[in-house]
1. Considering (1) crowded, with 17+ Cβ neighbours inside 10 Å; (2) in contact with a helix residue (DSSP H, G or I) (Cβ under 7 Å, 6 or more places away or on another chain); (3) more than 25 Å from residue 264 (Cβ to Cβ), say which one residue 207 fails and leave the rest.
2. Would you mention how many residues in the stretch 137-161 are among the small types (Gly, Ala, Ser), over 18 Å from residue 40 (Cβ atoms) and touching a strand residue (DSSP E or B) at 6+ places or on another chain (Cβ under 8 Å)?
3. For residues in the stretch 25-55 being over 27 Å from the mean Cα position of the chain (by Cα) and within 21 Å of residue 133 (Cβ to Cβ), which is surrounded by the most Cβ atoms within 10 Å (Cβ to Cβ)?
4. Taking residue 130 as the residue in question, decide whether it is more than 16 Å from ligand 2 (Cβ to nearest atom) and over 21 Å from residue 71 (Cβ atoms).
5. Kindly list the number of the only condition in (1) touching a Cys at 6+ places or on another chain (Cβ under 9 Å); (2) crowded, with 21+ Cβ neighbours inside 10 Å; (3) not hydroxyl-bearing (Ser, Thr, Tyr) that fails for residue 123.
6. Among the residues of the stretch 265-284, write down those that are in a loop (DSSP other than H, G, I, E, B) and either out of contact with any helix residue (DSSP H, G or I) (no Cβ under 7 Å at 6 or more places or on another chain) or more than 17 Å from residue 328 (Cα to Cα) (or both).
7. Among the helices (runs of 4 or more DSSP H) contained in the stretch 100-187, which hold 1 or more residues that are of a type in the set (Asp, Glu) and either more than 27 Å from residue 234 (Cα to Cα) or within 14 Å of ligand 1 (Cβ to nearest atom) (or both)?
Amino acid sequence: MTTNLLDLDLEGLVRLFEGMGEKRFRAVQVFRWIHQKGAQDFEAMTDLAKSLRSRLPQLCSLRQLPVLSRQDSADGTIKWLFDVGDGNAVETVFIPEEDRGTLCISSQAGCAVGCRFCSTGHQGFSRNLRTGEIVAQLWQAEHFLRRHLGRSDRVVTNVVMMGMGEPLQNYAALLPALRVMLDDHAYGLSRRRLTVSTSGVVPMMDRLAADCPVALAVSLHAPNDALRDDLVPLNRKYPLQELLDACLRYLPSAPRDFITFEYCMLAGVNDQPEHARELLQLLQRHRGTGVPCKVNLIPFNPFPDSGLTCSSRPVVQQFGRILNDGGIVTTIRKTRGDDIDAACGQLAGDVLDRTNAAERLARRREAPAFPVRIVRPERQA
Ligand code: SAH
Ligand code: SF4
């Protein structure tokens, strides 16, 4: 079996090349060909010695993920469904905005945490993605988008690990993938434009702070342990006080001086004014000084059999107002790509949502609000 070069960060590639008797700068050259120029085979790497070019395919490969489908939303959002084998597929979503392009990447096929409001959690856990499968989502999306949009500069400016799976439960594969994303010879993302979202795997938050401190989003969803135990079962292992302590420990090495807390708005479950007040107290009084943070309210994106509905717009707004008035900067996530079901778990917005996701989705089932274009998979090399 050949080594998939997408599995390696630069240091890994250097070690592989040195083991082959090749110099470090050759590894850098190949790394740049793959990630910066999107080369899909070694023959394309024209400034490598012919002998090396012909040797590489015997030892190494570049494994793309087969595209099962690509859907283009009317608002420019693009969703890919990638085949990761054995009947498993993962989703990747591109969200264009005026001043940036955000790619939402998956870290696992399924998820073992099993949050009540999450369709991935309801699916159960299939397997961890390999580093190369995490990196391939960015590699393929970036170079597809450059061709598609006719651009030569970088299209993906931000990455959020908010697709399927709990990234901090796949730490060994995640870490090299983050390093590739940050590497100036590859995608050159800054640490503040790379966000890991976690449901609260406390020990791994400490590891991330030590190994590769990128922006951190923590999925909170409840202001007390009783409710959070029910919504995010991992809370039984790492309850709120421990989670908030871990946030405080993370901050000194974080690229931003606050933690983003995500809070999915579920009608009648966690969305009442008393929940907002309890949340305010929790975040502002923790250990006396509170946790420097922003809160992002996510309108619940319904799916069959969840037994949950999204809070109405006035309820979400009132919840946000209580937090904002109390001194915590709170935004309501704008829903993007909902005509292609790409709306869950996206980092899309700083403005108040003007629609009610539940109503809109119900409407959509009767008559699509936007024309949905399903595009044939791009050709695989
Ligand atoms: N496992 C990680 C990252 C993936 S989920 C985590 O939980 O943080 C990314 C975000 O999408 C999380 O904040 C999650 O709570 C949110 N989310 C999951 N299901 C959702 C749904 N049905 N509607 C709205 N947001 C959802
Ligand atoms: Fe897993 Fe995140 Fe979904 Fe919870 S919200 S089940 S942690 S993917």
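The values are calculated or read from the model by the stated rules, or taken from the named source; none is laboratory data. Model, not experiment: these values are computed from the prediction. Because the Cβ atoms are built from the backbone with ideal geometry, glycine has one as well, and the counts that use them run over all protein chains shown.
1. (1)
2. Residues of the stretch 137-161 among the small types (Gly, Ala, Ser): 141, 150, 152.
Of the ones still in play, those that are also over 18 Å from residue 40 (Cβ atoms) are 150.
Those left that are additionally touching a strand residue (DSSP E or B) at 6+ places or on another chain (Cβ under 8 Å): none.
Residues flagged as among the small types (Gly, Ala, Ser), over 18 Å from residue 40 (Cβ atoms) and touching a strand residue (DSSP E or B) at 6+ places or on another chain (Cβ under 8 Å) within the stretch 137-161 amount to 0.
3. The extreme case among them is 42.
4. On the way: more than 16 Å from ligand 2 (Cβ to nearest atom): yes; over 21 Å from residue 71 (Cβ atoms): yes.
Answer is yes for this residue.
5. Unmet condition: (2).
6. Across the stretch 265-284, the qualifying residues are 267, 268, 269, 270, 272.
7. Numbers: elements: 119-123, 131-149, 171-182.
In the stretch 100-187, the matching helices (runs of 4 or more DSSP H) lie at 131-149.
Every residue, every condition in (1) within 14 Å of residue 221 (Cα to Cα); (2) more than 16 Å from ligand 2 (Cβ to nearest atom), yes or no:
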{"position": "268", "(1), (2)": "yes, yes"}
{"position": "291", "(1), (2)": "no, yes"}
{"position": "296", "(1), (2)": "yes, no"}
{"position": "299", "(1), (2)": "yes, no"}
{"position": "302", "(1), (2)": "no, no"}
{"position": "335", "(1), (2)": "no, yes"}
